[in-house]
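> Quick one: this structure, given as structure tokens, is what I'll be asking you about.
A short reminder: the numbers here are calculations on the coordinates, not readings from a lab. Model, not experiment: these values are computed from the prediction. In this analysis, Cβ positions are derived from the backbone assuming ideal geometry, glycine residues included, and neighbour counts consider all displayed protein chains.
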Amino acid sequence: MAQSGDQQDDFGNTISVNELERIEQIAAEVVCPVPPTEARRAELKRRITALLQEQDAVLVAHYYVAEDLQSLALETGGHVADSLEMARFGHEHSASTLIVAGVRFMGETAKILNPEKRVLMVEDEATCSLDLSCPIDRFSHFCDAHPDRKVVVYANTSAEVKARSDWVVTSGIALDIVSYLTASGEKIIWAPDRHLGSYIREQTGADMLLWGGICVVHDEYRSRELQLMKQRYPDAKVLVHPESPRDVIKLADVVGSTTALVNAVRTLDARRFIVATDRGIFFKMQQAAGPGKELMEAPTKGVGATCTSCGHCPWMGMNDLEKLLNVLEKGGKDIEIAPEIRSRAAVPINRMMEFAKARGIGMASKGNA
Ligand code: 13P
Ligand code: SF4
């Protein structure tokens, strides 16, 4: 159940406890596929590689999806990245078809930026608890009640919510954009992640009204148990994604986007790392760490934890090689977004992309390090 390290906020105005419980129940009911046998894996990879070429398609995967998909993306000239970098890569790549291994908002962002391309999801039903927590009608009402504020939304939202916003941000660029807006004297509405919102507010001193959504994966990390783990491994560095609760963030040596956390393992002079983000990231993190560095999962069990996810996003977990082959063989469904919504949502996303380009943010992982 959602715990709150943000006692100063009344999130009940934006989302109720019942609504959060309903979303956690949806997450708990997701069924993830079982991994293939060695022989089947080789067969799937061979057939998919040929079809990607035949169809002028490129695979763009998030760090949290199955290792099979991440390695295939790398082997076939695709990309593995955080959500900002996935958007940039898909936009700049010449392939006429983008295949997104991740969750729905990532595919929608790709389609909004590239309406002329075919954009397919490995799994159409893969959603995100943050997206679910922020329905457009209630969000729009909230924005209408505060017309003096800039609307800044996290990329983990629907196309409709993006279309209602002034700025879209990912965790890799949120601090920079909010600092910029604050320096320009703007007050902000932030949605949907309460923990990321309160972290940004603390870091920047911005005047922000927060939506009360949570990520069902990161909300489950527990500070008391993390403290005990730190006592057991006093030499370990703690890496935390900012969708985690405030008291967990407080224990971090590094707080950042998935790419920032992968880079931290590469650059920090430590032998052990406790990682508070989806364990799918361990594939690329272990590559970045090289031999001699040990990665450990941060604890998700403890007082008040529901452990619906236990360190792995159920919707990211829906993606697998069998589904990808099926999409390529049967011709998956191109993502559809109403033209009017698409053109309005493109404005704040392009604003973010241009801001990132001008400052060289999110370009560090360009070479798929
Ligand atoms: P990143 O942008 O850091 O990859 O985060 C996306 C996400 O959904 C994390 O839960
Ligand atoms: Fe959404 Fe959390 Fe899954 Fe990321 S890990 S896609 S924020 S539910």
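> Would you kindly calculate the translational diffusion coefficient of the stretch 218-297, applying Stokes-Einstein with the Kirkwood radius from alpha carbon pairs, for 10 °C and a viscosity of 1.306 mPa s, and quote it in µm² s⁻¹ without decimals?
Answer from the Stokes-Einstein relation: 129 µm²/s.
> Using a 10 angstrom Cβ neighbour count of at most 12 plus a DSSP loop assignment to flag exposed GluC sites (Glu not before Pro), which longest range of the chain is free of such sites?
126-335
> How much length would be gained if the chain were fully extended between E29 and Q53, taking 0.36 nm per residue of separation minus their Cα-Cα distance, in nm to one decimal?
Taking E29 through Q53 to full extension adds about 5.1 nm, to one decimal.
> Return the subset of K162/K187; K45/K333; K45/K357; K250/K284; K111/K323 for which the Cα-Cα distance in this structure is over 28 Å, preserving the input order.
Distance filter (> 28 Å) returns K45/K357.
> Taking only DSSP H segments of four or more residues, each worth -39500 (n - 2.57), what value at 222 nm results for the chain once the sum is divided by all its residues, to the nearest 500 deg cm²/dmol?
The helix-only estimate for the chain comes to -12500 deg cm²/dmol at 222 nm.
> If you don't mind, there's one more thing I want to ask. In whole angstrom, note down how far apart the Cα centers of the stretch 77-120 and the stretch 191-220 are.
26
> Between D82 and residues 5 or more places away or on another chain, which pairs have amide H atoms under 5 Å apart, with H built 1.01 Å from N, and which residues are they?
T259
> Given the C-alpha centroids of the stretch 312-326 and the stretch 43-68, what is the distance between them in whole angstrom?
12
> Can you pull the one-decimal nm distance between simple spin-label points at S94 and V347, each 7 Å off the Cα toward Cβ?
Each label point is offset 7 Å from its Cα along the Cβ direction, giving 3.4 nm.
> Now, a different point. If contacts are Cα pairs under 8 angstrom and at least 6 residues apart, what is the relative contact order of the stretch 247-369 in percent?
That works out to 18 percent.
> Let me check I've understood the local charge: for R232, count other residues with C-beta under 11 angstrom from its C-beta, Lys and Arg +1, Asp and Glu -1. What total comes out?
Here the count lands on 0.
> How large is ³J(HN,Hα), in whole Hz, for each residue of the stretch 192-197 in order, when computed from phi with the Karplus curve 6.51 cos²θ - 1.76 cosθ + 1.60 and θ = phi - 60°, using x for Gly and Pro?
Along the stretch 192-197, the couplings run x, 7, 5, 6, 4, x Hz.
> Going by a ≥ b ≥ c, the root eigenvalues of the Cα gyration tensor, does the stretch 109-236 fall in the rounded group (a/c under 1.5), the prolate group (a/b larger than b/c) or the oblate group?
Taking the square roots of the gyration eigenvalues as a ≥ b ≥ c, the stretch 109-236 is oblate.
> For the chain, what relative contact order do you get, as a whole percent, if you take Cα pairs closer than 8 Å and at least 6 residues apart?
24
> What does the charge count around A346 come to, taking other residues whose C-beta lies under 12 Å from its C-beta (Lys +1, Arg +1, Asp -1, Glu -1)?
With Lys, Arg at +1 and Asp, Glu at -1, the neighbours total +2.
> Taking only the alpha-carbon atoms of the stretch 166-308, what semi-axes of the equivalent ellipsoid follow from 5 times the gyration tensor eigenvalues under a square root, in whole Å, largest first? Working shown, then result.
Details: eigenvalues 149, 63, 32 Å².
Over the Cα atoms of the stretch 166-308, the ellipsoid semi-axes are 27, 18, 13 Å.
> Assuming a viscosity of 0.692 mPa s and a temperature of 37 °C, what translational diffusion coefficient in µm² per second does Stokes-Einstein assign to the chain, Rh being the Kirkwood radius over Cα pairs?
158
> Multiply the residue separation of A42 and E21 by 0.36 nm, subtract the distance between their alpha-carbon atoms, and state the gained length in nm to one decimal. Could the numbers behind the result be given before it?
Numbers: separation 21, 0.36 × 21 = 7.56 nm, distance 4.02 nm.
Result: 3.5 nm gained on full extension.
> How much net charge surrounds A27 when only other residues with a Cβ under 11 Å from its Cβ are counted (Lys, Arg +1; Asp, Glu -1)? Display every interim value, and only then the final one.
Numbers: positive: R22; negative: E21, E24, E29, D219, E220.
Residues close to A27 contribute a combined charge of -4.
> Right, something else. Could you work out which residue, out of C128, C310, C143, moves most in a Gaussian network model of the chain, that is, has the largest mean-square fluctuation with Cα springs under 10 Å?
Residue with maximal mean-square fluctuation among C128, C310, C143: C143.
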